[in-house]
Amino acid sequence: MSEIAACTLIQEEPDRKTEQYMMMFKDYPDVVSVDILQEMLGICRKNAYLLVKQNKIHSARVGRSYKIPKLCVVEYLIDQNRQLGGMRLSNSLAPSLQNTSESSKLMMPKQKAFSYK
């Protein structure tokens, strides 16, 4: 089975959350490059390649570039959201990179905790 066929969203009927993410990315093509993945997720090039190379976002290598189905990006976001118990999308990207050996090299901004007095 190819890595792209491993995307479960391709094999299942989309649920409401999947449809919401698809609407969020409606202006993007069905297959994206790493440059477009950066734009979609709002991350740097290094983190985008890290997600693809660690197979956290399924892709296919074509020549020297990666081709990433938009459905696999949506699946990654839904999986991150599920792991965090439904937290906001902007908070869902950092935990996926914290358990890697290269996490000490990444410069991820710390989340500030606000308290009311």
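The values are calculated or read from the model by the stated rules, or taken from the named source; none is laboratory data. Owing to the predicted nature of the structure, the values given are computational and were not obtained by experimental measurement. Ideal geometry is used to build each Cβ from the backbone, glycine not excepted, and the neighbour counts take in all protein chains shown. Protein only, heavy atoms only, side chains kept; ligands, DNA and RNA dropped before computing areas. Shrake-Rupley method; radii C 1.70, N 1.55, O 1.52, S 1.80 Å.
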> Relative contact order (percent) for the range 18-90, with alpha-carbon contacts under 8 angstrom and 6 or more residues of separation?
Replying inline: 33
> To the nearest 10 square angstrom, what accessible area does K26 show with a 1.4 Å probe?
Replying inline: 130
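Which order do you get for L84, L50 if you rank them by accessible area with a 1.4 Å probe, largest at the top?
Values: L84 50, L50 15 Å².
In descending accessible area the options line up as L84, L50.
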> Which log10 I(q)/I(0) values, to two decimals, does the range 30-88 give at q = 0.22 Å⁻¹ under the Debye formula with one point per Cα?
Replying inline: -0.84
> Between Y49 and D27, what is the spin-label point distance in nm, taking each point 7 Å from the Cα along the Cα→C-beta axis?
Replying inline: 2.7
